[in-house]
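First comes the structure, then the notes that go with it.
The values are calculated or read from the model by the stated rules, or taken from the named source; none is laboratory data. For clarity, every value in this text was computed on a predicted model and none was experimentally measured. We place every Cβ from the backbone using ideal geometry, glycine too, and count neighbours over all the protein chains shown.
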Amino acid sequence: MILMKDIVREGHPALRKKAEPVSFPLSNEERKLGEDLLEYVKNSQEPDLAEKYSLRPGIGLAAPQVNASVQMFALHIPEDNGKTISFIAVNPKIVSHSVEKTYLTSGEGCLSVDRNIEGYVPRYARITVKAYDLDGNEFKKRLKGLPAIAFQHELDHLNGIMFFDHISKDSPFQAIPDAVPFERA
Ligand code: UDB
Ligand code: ZN
């Protein structure tokens with residue numbers, strides 16, 4: 001299983017590389033990686049497991065964060081309506097997006113960043129995405145709110161982009177045009 005010691009931190013070159021697309025069928029190692037990414041986010045949200053293994057609770061994790069430069073990430077996001085958005089995305093892409101933007105009013109963090117970096121990170125408010133599951137089946141989803149924000153954060157990891165790259169240096173809390181703020185619960 002993935003532990004915090006396996007998650008590379010800011011400054012590690014893996015976080016700045018462009019990840020390679022994966023070809024199907026996946027190798028056993030590639031499949032295991034995808035399963036492990038999802039297992040981490042699930043386990044980290046279970047208070048007893050998080051405490052036992054000292055896991056920082058997370059809602060998404062991308063392969064480059066465990067030093068694997070391949071296009072794969074997992075999201076596991078409990079929603080207000082009681083449903084949970086949970087999937088592994090292989091070779092993901094955004095096929096269309098709203099003009100409207102959004103941002104977390106409290107700013108973003110990252111499991112690979114051990115400091116608080118304040119400021120607004122502009123994201124598309126709504127996205128339509130395509131990706132493959134571990135069996136090579138393509139799927140399409142419409143995402144909004146936190147799942148949309150998290151998908152864009154993870155997709156950035158596959159392109160070597162960190163959330164703070166998007167924060168305005170001279171005025172981090174500058175209003176973002178066409179943006180609807182997203183307040184975390
Ligand atoms: C996270 N979690 O998992 F708005 F209920 C972050 C950390 C870095 C703070 C652990 C998070 O933002 N949780 C959250 C947000 C809400 C409401 C709520 C829980 N990640 C994953 C990561 O680093 N992946 O690479 C950070 C991103 C998740 C969405 C934006 C930042
Ligand atoms: Zn991150």
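So here's what we get for this one:
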read-out: Among residues of the range 169-185, those that are within 18 Å of residue 59 (Cβ to Cβ) and not in a strand (DSSP E or B), counted; value: 3
read-out: Qualifying position, being touching an Asp or Glu at 6+ places or on another chain (Cβ under 8 Å), modelled with pLDDT of 95 or more and either within 29 Å of residue 181 (Cβ to Cβ) or away from ligand 2 (no atom under 16 Å from the Cβ) (or both), among 35, 100; value: 100
read-out: Sole residue being within 22 Å of residue 12 (Cβ to Cβ) and either of a type in the set (Lys, Arg) or away from ligand 2 (no atom under 16 Å from the Cβ) (or both), chosen from 126, 115; value: 115
read-out: Pair list, Cβ under 9 Å, 6 or more apart: the range 29-58 residue among the hydroxyl-bearing types (Ser, Thr, Tyr), other residue within 16 Å of ligand 2 (Cβ to nearest atom) and assigned to a helix (DSSP H, G or I); value: 40/6; 40/66; 53/4; 53/44; 54/4
read-out: Candidate set: the range 110-168, residues that are assigned to a loop (DSSP other than H, G, I, E, B) and among the hydroxyl-bearing types (Ser, Thr, Tyr); chosen: the one surrounded by the fewest Cβ atoms within 10 Å (Cβ to Cβ); value: 168
read-out: Test: residue in the range 93-107 that is in contact (Cβ under 8 Å) with a residue 12 or more places away in the chain, more than 15 Å from ligand 1 (Cβ to nearest atom) and under 21 Å from residue 69 (Cα atoms); value: yes
read-out: Unique match (being β-branched (Val, Ile, Thr) and under 30 Å from residue 172 (Cβ atoms)) among 66, 95, 70; value: 66
read-out: Residues satisfying the stated conditions in the range 54-80, i.e. closer than 16 Å to residue 131 by Cα, under 11 Å from the mean Cα position of the chain (by Cα) and not in a helix (DSSP H, G or I); value: 60, 61, 62, 72, 73, 74, 75, 76
read-out: Failed criterion for residue 106 (all others in (1) within 22 Å of residue 9 (Cβ to Cβ); (2) in contact with a Gly (Cβ under 8 Å, 6 or more places away or on another chain); (3) part of a loop (DSSP other than H, G, I, E, B) hold); value: (2)
read-out: Qualifying positions in the range 122-162 - near ligand 1 (Cβ under 9 Å from one of its atoms), of a type in the set (Asp, Glu) and touching a residue at least 12 places away in the same chain (Cβ under 8 Å); value: 154
read-out: The range 163-185: number of residues that are within 16 Å of ligand 2 (Cβ to nearest atom) and closer than 20 Å to residue 76 by Cα; value: 2
read-out: Residue check for residue 90: more than 9 Å from ligand 1 (Cβ to nearest atom), assigned to a strand (DSSP E or B), surrounded by fewer than 17 Cβ atoms within 10 Å (Cβ to Cβ) and at pLDDT 95 or above; value: no
